[in-house]
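Heads up, the thing below is written out as structure tokens.
The values are calculated or read from the model by the stated rules, or taken from the named source; none is laboratory data. As the structure is a computational prediction, the values presented were derived from the model and not from experiment. Cβ placement follows ideal geometry from the backbone for every residue including glycine, while neighbour counts extend to all protein chains displayed. Keep in mind that these areas ignore ligands, DNA and RNA; they rest on the heavy atoms of the full protein, side chains included. Shrake-Rupley method; radii C 1.70, N 1.55, O 1.52, S 1.80 Å.
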Amino acid sequence: IHSRGLPVMSWYPLIFSESGWKNHPDWRQVSLLPWPEGKTKEISCCINSGYGDALIELMCEAIGRFKLDGIWFDGSAFTEIWERPLPLTCFCPACREKFKKDTGLDLPEKMDWNDPVFRRWVAWRFKVFGEYIGKAAREIRKRYPNVAVVVNHYHRPQIPWHSAIPLDIYDA
């Protein structure tokens with residue numbers, strides 16, 4: 001493709017990794033609500049766990065090895081948004097620790113919009129997810145300054161708040 005003067009990009013889902021989910025139980029997303037049976041139940045990994053850094057390393061390795069001009073992150077939602085009922089993640093140990101460190105609070109025990117801790121957690125997820133996307137882009141561009149980092153941003157009418165797709169500007 002390069003010999004024809006065209007840029008080469010690859011695609012990777014941001015939160016999905018079958019091998020990561022299988023080999024690293026501590027990377028698995030944990031839902032507050034029942035997880036729907038379907039394709040994403042046993043592949044959803046948490047960006048706040050070791051998976052987040054491993055994903056960045058994998059993308060850098062792929063860019064270098066295959067001389068890619070860019071990477072396209074698809075599935076760019078904190079919680080998967082394609083199956084119903086929607087799960088509500090993440091309550092994994094890494095998220096528990098990070099939420100406590102960032103806010104001084106324990107994760108909420110149930111989905112309750114009247115609970116100020118639940119509302120704080122929802123806002124925290126939006127912020128943390130945007131920060132991760134920015135971190136991934138920065139780390140990739142630090143090693144490969146001219147590489148395009150593309151994020152499939154799911155701001156669409158039917159995408160619910162569960163996704164934590166950043167509403168505010170984020171550094172990517």
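With respect to Phe73, is the statement that it is within 26 Å of His24 (Cβ to Cβ), part of a strand (DSSP E or B) and open to solvent by less than 40 Å² (accessible area, probe 1.4 Å) true? Let's see the steps before the verdict.
Details: within 26 Å of His24 (Cβ to Cβ): yes; part of a strand (DSSP E or B): yes; open to solvent by less than 40 Å² (accessible area, probe 1.4 Å): yes.
Yes, satisfied.
Put simply, of Glu80, Glu42, Glu37 the only residue that is of a type outside the set (Gly, Ala, Ser), more than 29 Å from Arg141 (Cα to Cα) and touching a Phe, Trp or Tyr at 6+ places or on another chain (Cβ under 9 Å) is Glu42. Restricting attention to segment 25-67, the residues being open to solvent by less than 20 Å² (accessible area, probe 1.4 Å) and outside any helix (DSSP H, G or I) number 8.
Considering each residue of segment 1-20, count those that are open to solvent by 40 Å² or more (accessible area, probe 1.4 Å) and either touching a His at 6+ places or on another chain (Cβ under 6 Å) or not in a loop (DSSP other than H, G, I, E, B) (or both), and give that number. Result for segment 1-20: 9.
Filtered by the rule that a residue be in a helix (DSSP H, G or I) and within 28 Å of Glu37 (Cβ to Cβ), segment 79-119 gives Pro93, Ala94, Cys95, Arg96, Phe99, Phe118.
When Gly104, Gly75 are checked against the criterion of being at positive phi and free of Cβ contacts under 8 Å to residues at least 60 places away in the same chain, a single residue qualifies: Gly104. Out of curiosity, is Val151 surrounded by 18 or more Cβ atoms within 10 Å (Cβ to Cβ), touching a strand residue (DSSP E or B) at 6+ places or on another chain (Cβ under 6 Å) and in contact (Cβ under 8 Å) with a residue 24 or more places away in the chain? Yes, satisfied.
Take the conditions of a type in the set (D, E, K, R) and exposed (fewer than 15 other Cβ atoms within 10 Å of the Cβ) and apply them to Glu109. Does it pass? Show your work before the answer.
Values: of a type in the set (D, E, K, R): yes; exposed (fewer than 15 other Cβ atoms within 10 Å of the Cβ): yes.
Judged against the criteria, Glu109 is a match.
Taken over segment 120-172, the criterion of being closer than 28 Å to Lys100 by Cβ and part of a loop (DSSP other than H, G, I, E, B) is satisfied by Pro160, Ala164, Ile165, Pro166, Leu167, Asp168, Ile169, Tyr170, Asp171, Ala172.
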